[in-house]
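Trainee: After the structure tokens below, expect a handful of questions from me.
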Ligand SMILES: Nc1ncnc2c1ncn2[C@@H]1O[C@H](COP(=O)(O)OP(=O)(O)OP(=O)(O)O)[C@@H](O)[C@H]1O
Ligand SMILES: [Mg+2]
């Protein structure tokens, strides 16, 4: 008998996404085939890396999984069920279970409202929490990402880049998600801040058994952070393997090229890795 653990948490099946191609009276815009025919599955508790050059379709896949946009064709199964056939109630649950963290998640905060109020918003609006109960949860989430309570009263511009990203992560945690799409979550940060955020994401995963889809341009960090990695090129997956195999025995020339670029980062990966290890051993 199949058990729950045998079903991948997320299964992407022959996914296709095209943009444009609409015909008007005078012209037909050229359509962009952002995602061509992508299949992948992500297991519970896994960190699955999705890498590839700019424009290869990574974010588009992440957004379709989040149901921020619909595929042109193909389907996405969450816990064995097609997300396009969810009932209203199932969709509402899904909106809590899956969250996305961007390169600068903090920039999605409204600049004119304290961040605590904004983190509390879905609890009050969707879950009918009282103001007090919601703020209690907010303080708890801030604590989990290493920010003091009083950060709740701050406005987004009063936070550093790293703190803003932590606040963005706190907002993603407030609805108790299971699956997080991390879309280049540390790309905009300095090396040492990068290491801190990576180690925070790792610790959160250990604590809550999160499943991650980790999107990145290059192989920087991926070997350290991911269990398995898919390499994309022009809307298609050209190679999937364990992070170790991708690093040690890349098969596809695209992977080799991405690997080549990391070796010229003169040791910065090692720097990030050793800092992340140090931070982990302090905590
Ligand atoms: N809403 C949209 N309308 C039209 N074209 C789009 C839209 N979103 C993405 N695209 C196009 O789809 C392709 C894939 O974009 P996507 O953002 O998924 O790439 P990416 O791999 O995430 O790139 P990057 O590493 O730069 O973030 C690109 O050619 C992009 O221009
Ligand atoms: Mg992207």
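The values are calculated or read from the model by the stated rules, or taken from the named source; none is laboratory data. This structure is a prediction, so every number in the text was calculated from the model and none was measured. Reconstructed Cβ throughout: ideal geometry from the backbone, glycine too, with neighbour counts over all protein chains shown.
Trainee: For residue 118, indicate whether it is at pLDDT 95 or above, touching a strand residue (DSSP E or B) at 6+ places or on another chain (Cβ under 7 Å) and surrounded by 17 or more Cβ atoms within 10 Å (Cβ to Cβ). Can you show your working first?
Mentor: On the way: at pLDDT 95 or above: yes; touching a strand residue (DSSP E or B) at 6+ places or on another chain (Cβ under 7 Å): no; surrounded by 17 or more Cβ atoms within 10 Å (Cβ to Cβ): yes.
Taking the combined requirement at face value, the residue does not satisfy it.
Trainee: Just one of the numbered conditions (1) farther than 22 Å from residue 210 by Cα; (2) free of Cβ contacts under 8 Å to residues at least 40 places away in the same chain; (3) buried (at least 16 other Cβ atoms within 10 Å of the Cβ); (4) within 13 Å of ligand 1 (Cβ to nearest atom) is not true of residue 129; which one?
Mentor: Only one criterion is unmet by residue 129, namely (4).
Trainee: Which condition does residue 66 not pass, out of (1) within 16 Å of ligand 2 (Cβ to nearest atom); (2) touching a helix residue (DSSP H, G or I) at 6+ places or on another chain (Cβ under 6 Å), if it passes all the others?
Mentor: (2)
Trainee: Next question, about the same structure. So if I check each of 100, 83, which one is in contact with a strand residue (DSSP E or B) (Cβ under 7 Å, 6 or more places away or on another chain) and closer than 30 Å to residue 139 by Cβ? Step through it out loud before you land on a result.
Mentor: Numbers: 83 fails: closer than 30 Å to residue 139 by Cβ.
So the residue among 100, 83 that is in contact with a strand residue (DSSP E or B) (Cβ under 7 Å, 6 or more places away or on another chain) and closer than 30 Å to residue 139 by Cβ is 100.
Trainee: Can you pull out the residues in region 21-75 that are within 13 Å of ligand 1 (Cβ to nearest atom) and either free of Cβ contacts under 8 Å to residues at least 40 places away in the same chain or on the phi > 0 side of the Ramachandran plot (or both)?
Mentor: 21, 22, 29, 30, 31, 32, 52, 55, 57, 63, 68, 70
Trainee: Out of all the residues in region 203-217, which are under 30 Å from residue 257 (Cα atoms) and surrounded by 18 or more Cβ atoms within 10 Å (Cβ to Cβ)?
Mentor: Hits for region 203-217 are 211, 212, 213, 214, 215, 216.
Trainee: Quick check: is even one residue across region 3-14 farther than 24 Å from residue 222 by Cα, in contact with a helix residue (DSSP H, G or I) (Cβ under 8 Å, 6 or more places away or on another chain) and part of a strand (DSSP E or B)?
Mentor: Here is the first cut: in region 3-14, the residues farther than 24 Å from residue 222 by Cα are 3-7, 14.
From what is left, the residues that are in contact with a helix residue (DSSP H, G or I) (Cβ under 8 Å, 6 or more places away or on another chain) are none.
So far as region 3-14 goes, no, none of its residues is farther than 24 Å from residue 222 by Cα, in contact with a helix residue (DSSP H, G or I) (Cβ under 8 Å, 6 or more places away or on another chain) and part of a strand (DSSP E or B).
Trainee: Okay, moving on. Which one of 107, 96 is in contact with a helix residue (DSSP H, G or I) (Cβ under 9 Å, 6 or more places away or on another chain), touching a residue at least 40 places away in the same chain (Cβ under 8 Å), within 16 Å of ligand 1 (Cβ to nearest atom) and part of a helix (DSSP H, G or I)? Even if it seems obvious, please write down each step before you answer.
Mentor: Values: 96 fails: within 16 Å of ligand 1 (Cβ to nearest atom).
One residue alone meets the criteria, 107.
Trainee: Now for a different question. With respect to residue 204, determine if the residue is within 16 Å of the chain's Cα centre (by Cα), at pLDDT 95 or above and within 14 Å of ligand 2 (Cβ to nearest atom). Let's see the steps before the verdict.
Mentor: Details: within 16 Å of the chain's Cα centre (by Cα): yes; at pLDDT 95 or above: yes; within 14 Å of ligand 2 (Cβ to nearest atom): no.
Considered against the rule, which asks whether it is within 16 Å of the chain's Cα centre (by Cα), at pLDDT 95 or above and within 14 Å of ligand 2 (Cβ to nearest atom), residue 204 comes out as no.
Here's the yes/no breakdown for (1) away from ligand 2 (no atom under 16 Å from the Cβ); (2) out of contact with any helix residue (DSSP H, G or I) (no Cβ under 8 Å at 6 or more places or on another chain):
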{"position": "23", "(1), (2)": "yes, yes"}
{"position": "26", "(1), (2)": "yes, yes"}
{"position": "29", "(1), (2)": "yes, yes"}
{"position": "39", "(1), (2)": "yes, yes"}
{"position": "48", "(1), (2)": "no, yes"}
{"position": "52", "(1), (2)": "no, no"}
{"position": "55", "(1), (2)": "no, yes"}
{"position": "62", "(1), (2)": "no, yes"}
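Trainee: Just name the residue that is nearest to ligand 2 (Cβ to nearest atom) out of those in region 229-258 that are assigned to a strand (DSSP E or B) and surrounded by fewer than 21 Cβ atoms within 10 Å (Cβ to Cβ). Before you say what the answer is, go through the steps one by one.
Mentor: Here is the first cut: in region 229-258, the ones assigned to a strand (DSSP E or B) are 229-233, 236-242.
Filter again for surrounded by fewer than 21 Cβ atoms within 10 Å (Cβ to Cβ), leaving 233, 236, 238-242.
Numbers: 233: 14, 236: 16, 238: 17, 239: 19, 240: 19, 241: 22, 242: 23 Å.
That would be 233.
Trainee: Checking residue 239 against (1) more than 25 Å from residue 57 (Cα to Cα); (2) modelled with pLDDT of 95 or more: exactly one of these is not met. Which one?
Mentor: Checking residue 239 against (1) more than 25 Å from residue 57 (Cα to Cα); (2) modelled with pLDDT of 95 or more, the one that fails is (1).
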